[in-house]
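The values are calculated or read from the model by the stated rules, or taken from the named source; none is laboratory data. Keep in mind that this is a model prediction, so the values were computed, not measured. So basically every Cβ, Gly included, is an ideal-geometry build from the backbone, and we count neighbours across all protein chains shown.
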Amino acid sequence: MLQLMRSVRELRQSGQLHRALITRLVMFAVISLILLGFVGFQIAQGTADWRLVLPLALVGFGLGVTVFARMGKAVWDEETEMVIATKMDRWGFLVLALYIAFEVGLRTELPRLFPAVASTLPLLLAAIFGTIFGRFVGMLREILRAHKGRENY
């Protein structure tokens, strides 16, 4: 992942990455760090069990990388000679609907599945952290895919 981040940083420094994509990446990274900090704090305080938090974060990460990262595509624009974000297509809207269903499902099903847990908030936030962090990593991969695809023109 560090290699992905270095490659994207090089694109940004060379002016080949659109500002909107940079903003999205920073937004996902900051939100992920805040959520990770909150969940880590809850684990350190003993109000959340890492054996429940970790699987939920991993499932969210897997969905974020494989499914939810498809909500926004990155393509190489010949005119501006940079990687730009495209508008959502039909698949993007379908994935957005799945994303919303996943988040709503987490909010309603976690308390039902784990009634003995004093607070399901750390579990919910762990899954959301995984999803957002997965989208961050998926977006990094998408940017690099679009940049490498420019040689096909």
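Observations, loosely collected:
- Residues that are in contact (Cβ under 8 Å) with a residue 24 or more places away in the chain, farther than 20 Å from Phe133 by Cβ and assigned to a helix (DSSP H, G or I), drawn from the stretch 1-19: Leu11
- Test: residue in the stretch 134-146 that is modelled with pLDDT under 85 and either surrounded by 13 or more Cβ atoms within 10 Å (Cβ to Cβ) or outside any helix (DSSP H, G or I) (or both): no
- Selection of first residues in the stretch 25-49 that are surrounded by 12 or more Cβ atoms within 10 Å (Cβ to Cβ) and of second residues that are assigned to a helix (DSSP H, G or I) and polar (S, T, N, Q), restricted to Cβ pairs under 9 Å at least 6 apart or on distinct chains, gives the following pairs, ordered by first then second residue: Ala48/Gln42.
- Residue within the stretch 52-60 that is surrounded by 14 or more Cβ atoms within 10 Å (Cβ to Cβ), small (Gly, Ala, Ser), outside any helix (DSSP H, G or I) and in contact (Cβ under 8 Å) with a residue 24 or more places away in the chain present: no
- Candidate set from the stretch 67-93 (those that are outside any helix (DSSP H, G or I) and at pLDDT below 75); member that is surrounded by the most Cβ atoms within 10 Å (Cβ to Cβ): Gly72
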